[in-house]
Amino acid sequence: MTSTETHTEAERYARSIAAELRTWHNAACDDNDALNEIRDERPVEEQDNPPHVLDYLDAVALAVEVWRKDEDRDAVRVEITRTYGGPGCRIEWDSLYRPHYFTVIAYVAGEPEARVDVFAQQFGNQMTEVYE
């Protein structure tokens, strides 16, 4: 990609939310630079501890919806509403098909959806512990 390439607003927004998710994930993996970057978004008593995926959801999610995939209730799909309106964004996670990936989907009126996959193994493991 060259610096002269243009991107839609949805693409730029999806990339920014994906970067945010990566920063929080890196902080959960004991990355001190990432932890410092998100420090002000967390409760004072938790600012020096690595965050859990639930800390991320508490800080940024407007809504979290969980769907069970089968009668045994072992596999789940989670949809996180990150923002609503213009632009809008949701984050999807699936315990069965891609448990270590989150998909950021951004949308702006008049533009196609933009998708960015984020590899976040630690957060995926934590999602499995919480939702399965």
TODO: Could you tell me which numbered condition Pro112 fails, if it satisfies all but one of (1) part of a loop (DSSP other than H, G, I, E, B); (2) farther than 28 Å from His7 by Cα?
DONE: (2)
Task: Residue tally, condition outside any helix (DSSP H, G or I) and within 19 Å of Val104 (Cα to Cα), over segment 2-26 - done: 2
Task: Subset of segment 79-104 [under 14 Å from the mean Cα position of the chain (by Cα), farther than 18 Å from Arg68 by Cβ and surrounded by fewer than 19 Cβ atoms within 10 Å (Cβ to Cβ)] - done: Thr81, Thr83, Gly88, His100, Tyr101, Thr103
Task: Residues of segment 75-93 satisfying the condition of being at pLDDT below 95, in a strand (DSSP E or B) and more than 17 Å from Leu54 (Cβ to Cβ) - done: Arg77
TODO: Identify all residues within segment 27-69 that are in contact with a Leu (Cβ under 8 Å, 6 or more places away or on another chain) and assigned to a helix (DSSP H, G or I); write none if there are none.
DONE: Ala27, Tyr56
Task: Residues (closer than 18 Å to Ile38 by Cα and in contact with a helix residue (DSSP H, G or I) (Cβ under 9 Å, 6 or more places away or on another chain)) located in segment 58-67 - done: Ala59, Val60
Task: Flag if Val76 is over 23 Å from Ala34 (Cα atoms), without any contact (Cβ under 8 Å) to a residue 60 or more places away in the chain and among the β-branched types (Val, Ile, Thr) - done: yes
Open item on the list: If I filter segment 20-33 down to residues being without any contact (Cβ under 8 Å) to a residue 12 or more places away in the chain and surrounded by 13 or more Cβ atoms within 10 Å (Cβ to Cβ), which single residue comes out as farthest from Thr81 (Cα to Cα)?
Closed with: Asp31
Open item on the list: Return the residues of segment 34-76 that are of a type in the set (Gly, Ala, Ser) and surrounded by 12 or more Cβ atoms within 10 Å (Cβ to Cβ); say none if nothing qualifies.
Closed with: Ala34, Ala59, Ala61, Ala75
Open item on the list: Contact list please: Cβ distance under 6 Å, first residue in segment 45-70 and closer than 13 Å to Trp93 by Cα, second residue in a helix (DSSP H, G or I) and among the charged types (D, E, K, R), pairs at least six apart or on different chains.
Closed with: none
- [ ] Would you check if Ala19 is within 17 Å of Ala120 (Cβ to Cβ) and either at pLDDT 95 or above or among the hydrophobic types (A, V, I, L, M, F, W, C) (or both)?
- [x] yes
Open item on the list: Considering only residues that are under 11 Å from the mean Cα position of the chain (by Cα) and not β-branched (Val, Ile, Thr), which ones fall in segment 60-78?
Closed with: Ala61
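The values are calculated or read from the model by the stated rules, or taken from the named source; none is laboratory data. A quick note: this is a predicted structure, and the numbers were derived from the prediction, not measured. Every residue, glycine as well, gets a Cβ built from its backbone with ideal geometry; the counts of neighbours run over all protein chains shown.
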